[in-house]
Every structure is written in C-alpha cells, then in structure tokens.
Amino acid sequence: MDDPKPLPQRRATRAGKVVAVILMGFLFAGLFFNIRFASTTASLLPHALTRAGMLDGTVSKELASRMADTPIAADAASLQRALGWLTLGDLGPRVRQGCPGWLFLRDELNVYAGGERHLATRAATVAAVQRELTSHGIALLVAVVPDKSRIEPQHLCGLYRPASLSARLHDWTSRLVAEGVPVVDLGSALRGVPGDAFFRTDTHWTQAGAGAAAGALAQRIRAMGEPLDSSVSSQPGYRVADKPAQRRPGDLVRLAGLDALPVSWQPRAEIVTGRDYLHVAQAASSADDLFGDADLPTIAVIGTSYSTTSDFVPQLALALGRGVGNFAREGGKFGGSARAYFTSAAYAQTPPKLVVWELDERDLQAPLEAEDEVVVPKSGAVRTVASR
C-alpha cells in the first residue's frame, strides 16, 4: 500500500494570520488569568484529595467549578448569556418564557424521579415537628404558596406545565390533613386578586398577591383562636406610606444572567406602585416591662423568600392587629429557616404560641437535602410558653 500523499501546502492569507493572532491572544489571556487565579487561591484542589475522588470524577468536577470562577470564564459566560438572549431569545437552563414579557422558573415545571416519595417524607417531617411543638404548647399552621405557573396559566402561552403536577398540592394538603396538621392552600386567595398575583419577571408574588394571602392566613389564624388571646398586648408596629412608581428588577432576569445588560436590552422591566410598611418600635407597655417582653409577638413565621417579599409579614400583622415575628430566610427552601429558627436563642428564650410554616409548592417533590431534616429541640431546651 502506497504512503498517502501529503496535502498541498497553501500560503497563509492575511485574514488567516489575523485570526491566528487573535486566537493566540485569547489563549495567552486565559493562561494569564488562570495562573493569577491559582496564585491567589489558597487551594485550587479540594482539601480532601483522595484516590477515590480522582477516580469517580469528584476532584475534576470541583476543579472545573473553581476554574469557572476565574474572571475570564465569568465574563465569557456572561457574554454567552447575553448573545443567546439577544439572538435567540434564550434565557438559560433555569428560566423559561411564556407569553411575551412573562418569565417562569424552570424548577416549578420539573418532574422529579421519586417526587411522590420526597413529598411523603417532607409531610412526615412536618407531622413530627407538629407533635413536638404540641408537647411544648405551641400550635403549627402550614401555609402553601402555589407555583406561579399554576396561578397564572393564562400567561404561559406555549410553555408546557406537565399534567402530572396538577395533583401535587392536593396530595400535600391531603397528607397533612390526615396527620392532623392544619394547612392553608393560598391558591384561592391568589386567584381572586384583581390584576396579577405574581410579578412578570420575578418568581414572587406582588404586593396585592401577598396581601390577599396574608388576609386568608389571618382568617385561618383567627379561627384557631388561642394565638390571638386577648390578654396579649402585641401590636402590629408598622406605619403605612404610599411610595411612587418605580422600576423593579426581577430575580428571573438576574437568574438568566441578563441583569448586566442595558435596561433596554433586558426583558421588559416592570414599573411597580405600592406602599411602604415601615417598622415602628413599640414602647414598653408598663413600668414593669422595661424590656418590652409583654409586647413580644406570639406568632412566628418561618419559611422561604415569599415571606420576606412584597411586605407579606407586615400585611399579615396588620390583618391580625398584632405583631408577627419574621424568621423566614431567602433561599431557605423547605427546611432551611425552620432548622435555623428552632436552634436559635429567639425560639429557646421567647417561644411563640403559633408557628406559621410557609412553604412553596415547587420544593415539595424536589430531591431531599440535608437541610430538609428538621428537628424541634426537646422541652428541656425551650422556655415554656406559659411563662410568657
């Protein structure tokens, strides 16, 4: 067999030389930034560097994650996201667009393997928390925030919401009711909001949506009776003031990586009008109450960023006519804020009469995480509610 003949050699063109120089410059820039990043990082590789970690890909995965934090990699990723949006209307892996201007979080459209089992496990956790709280004389009320895509289906247009998700809320509430756990599905209140209950470019509810949910929750709390004992003098502690219309950046724009673009290039911004709920410190109710202990809220809210957005807790406090302690956490998901609150000094020293556990629907079937294990301390670690 004859040796293959070499391909004919052609002289490099001027354009080819320019491209080669640009490519070399890009490669040297990447090398420079990577070396600089490695020299300023205490440890580029994982601290626990093991043979098993190298074989199963753990080390390479963590190394790639750390290298992605280099300035040139971050800038390249931002450029890619901007070009994808401007040319193809692409919003990245976690954001989806429904009708023009309406963005939705991909997480609430996901169907998870083992989702029913994950939901059942979380329901069992809530039931266990209620039993322990009851032993301390503390009531529990669970409030569920439905998916934005469930409440605003008219804005989905061609965006697909799997039919298997339709029964998710009913399954959750049915399990809690069977365990004797009081639960409120806020869907009815949100569907009755004049206008939009959720922001167009954000995962969260509008101030009107939060107000409707707060009203429905207040009505259920009043029906429970005990947390609103007339002997408690707690006051809402908020002053309401109108605020001018202003642009509100949406968290889904940030999640899509488009927040660094000029505003005119981003998805259409929302102009929001509303009211400010300004916290007002309460004076001691008597000379014997110099530290205001008698005025401490007897209702504590734990949960997700829904409880920290659109003045939900201030509106709940005003609807109830008394103070409400807000211990929710952004990014807390199912158990994050609950774990933090039940191990806090606030819970141990001034336990409430009622805990409102706000949860969002999209987390109910998601894969289980370490923070989903919520345990209430035994009675010896908590000051009795009766002492208040």
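What follows is calculated from the coordinates using simple rules that are stated; it is not laboratory data. None of these values were measured; they are calculated from a predicted model. Cβ atoms come from the backbone with ideal geometry, glycine included; neighbour counts cover every protein chain shown.
Here the simple spin-label model places points 7 Å from the Cα toward Cβ, and for residue 254 and residue 90 these points are separated by 2.4 nm. Whole-Hz Karplus values for the stretch 109-126 come out as 9, 6, 10, 9, 5, x, x, 5, 5, 5, 4, 5, 5, 5, 5, 5, 5, 4 Hz, taken residue by residue from phi with 6.51 cos²θ - 1.76 cosθ + 1.60 and θ = phi - 60°; glycine and proline positions read x. The label point for residue 131 and the one for residue 263, both projected 7 Å from the Cα toward the Cβ, are 5.5 nm apart. Amide H contacts under 5 Å for residue 139: 354, 355, restricted to partners 5 or more places along the chain or on a different chain, H placed in the peptide plane at 1.01 Å from N. Sorting the segments 303-309, 107-113 by their residues' average number of neighbouring beta-carbon atoms within 10 angstrom, most packed first, yields 303-309, 107-113. With a Förster radius of 25 Å applied to the beta-carbon distance between residue 243 and residue 330, the computed FRET efficiency rounds to 0.70. Among the listed pairs 148/333; 333/353; 148/353; 148/378, those with a Cα-Cα distance over 27 Å are 148/353; 148/378.
Scattering from the stretch 303-377 was approximated by placing one identical point on each alpha carbon and applying the Debye formula without solvent; log10 I(q)/I(0) at 0.14, 0.20, 0.23 1/Å stands at -0.47, -0.91, -1.13.
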